[in-house]
Amino acid sequence: MNETTDIGPGPEATALPAVTPAAGWQPLPLRARTCFTLSASITAAVFTVAALVAIGLLLPDGRLKIAAAVAALVLVPAAFIWLARKKYRYTQWRLDDDGFAVRRGRFWSVETRVPGSRVQHLDVVRGPVERRFDLATLVIHTAGTRNSAVSLGGLDAADAEHLRDTLARGTGADDDT
C-alpha cells in the first residue's frame, strides 16, 4: 500500500492517531483546552444546581436522595469537562488556496469548508475568558441566509487575525474587475 491509502497503525503510531495533524490540518493551541474546560465548568455548575434542586424537590428524604445528590455533584461536572476536552481534542482547521476548513468531532465527524469566493466579511471576537488565554473566535460570514456563518473558537489570537487578514485579501481578489 502507498502512504496515502495506508490507514493502519505502524510501529511509530501514537496512542492518539486521530488528532495528528495531516495534510495541513492545524490543532487548536493547548491554552484552548483550558479555556474550553473552564467554560464547561461554568455550564456544569448551572446544570448541577438545577439537578440538585430537582433532586431536592422530587425525591423523598433518605439515602436515595443523598446518593442522587452525590452522583449529580460528581457526574454532571465530570461529563461536561470530558465533553469539553473531547471538543478541544477533535477540532482542527486548515487554510489553503481554496479557502478555510474546520474539522470537528470523531464519532460524528463534521468538516465544514468555506471557499474563499463565498466569504462576505470576517469577525474576530474575543470574550473575557478568551482574552485571558490570548485566544479568539474567528467568525466567517458567507453568502447566503442569516445563519450562514462559520465560527471557530479557541484559536490563538494572532492566528485568528492572520486568518482574517488572509481570507479578506483572498476575497478582494475575486472582484469582477
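With the condition kept exactly as written, say whether any residue in region 48-66 is touching a Leu at 6+ places or on another chain (Cβ under 7 Å), part of a helix (DSSP H, G or I), more than 30 Å from GLY105 (Cα to Cα) and of a type outside the set (A, V, I, L, M, F, W, C).
Yes, there is a match, as at least one residue in region 48-66 is touching a Leu at 6+ places or on another chain (Cβ under 7 Å), part of a helix (DSSP H, G or I), more than 30 Å from GLY105 (Cα to Cα) and of a type outside the set (A, V, I, L, M, F, W, C).
In region 72-111, how many residues are assigned to a strand (DSSP E or B) and either surrounded by 14 or more Cβ atoms within 10 Å (Cβ to Cβ) or of a type in the set (Phe, Trp, Tyr) (or both)?
Of the residues in that region, 11 qualify.
Out of LEU83, LEU135, report the one residue that is in the same structural domain as LEU30 (by TED's automatic domain parsing), aliphatic (A, V, I, L, M) and more than 19 Å from GLY24 (Cα to Cα).
LEU83
Which of the residues that make up region 56-86 are among the basic types (Lys, Arg) and without any contact (Cβ under 8 Å) to a residue 24 or more places away in the chain?
ARG63, LYS65, LYS86
Condition check: among the acidic types (Asp, Glu), in a strand (DSSP E or B) and not assigned by TED's automatic domain parsing to the domain that holds ARG31. Does ASP123 satisfy that?
Yes, satisfied.
If you take the residues in region 35-54 that are over 26 Å from LEU135 (Cβ atoms) and out of contact with any helix residue (DSSP H, G or I) (no Cβ under 8 Å at 6 or more places or on another chain), which one is surrounded by the fewest Cβ atoms within 10 Å (Cβ to Cβ)?
Of everything passing the filter in region 35-54, VAL53 is surrounded by the fewest Cβ atoms within 10 Å (Cβ to Cβ).
Go through region 120-150 and report how many residues are loosely packed, with under 14 Cβ neighbours inside 10 Å and either of a type in the set (Asp, Glu) or out of contact with any Lys or Arg (no Cβ under 6 Å at 6 or more places or on another chain) (or both).
13
The values are calculated or read from the model by the stated rules, or taken from the named source; none is laboratory data. The structure displayed is predicted, hence computed values, not measured ones. Cβ: placed from backbone, ideal geometry, glycine included. Neighbour counts: every protein chain shown.
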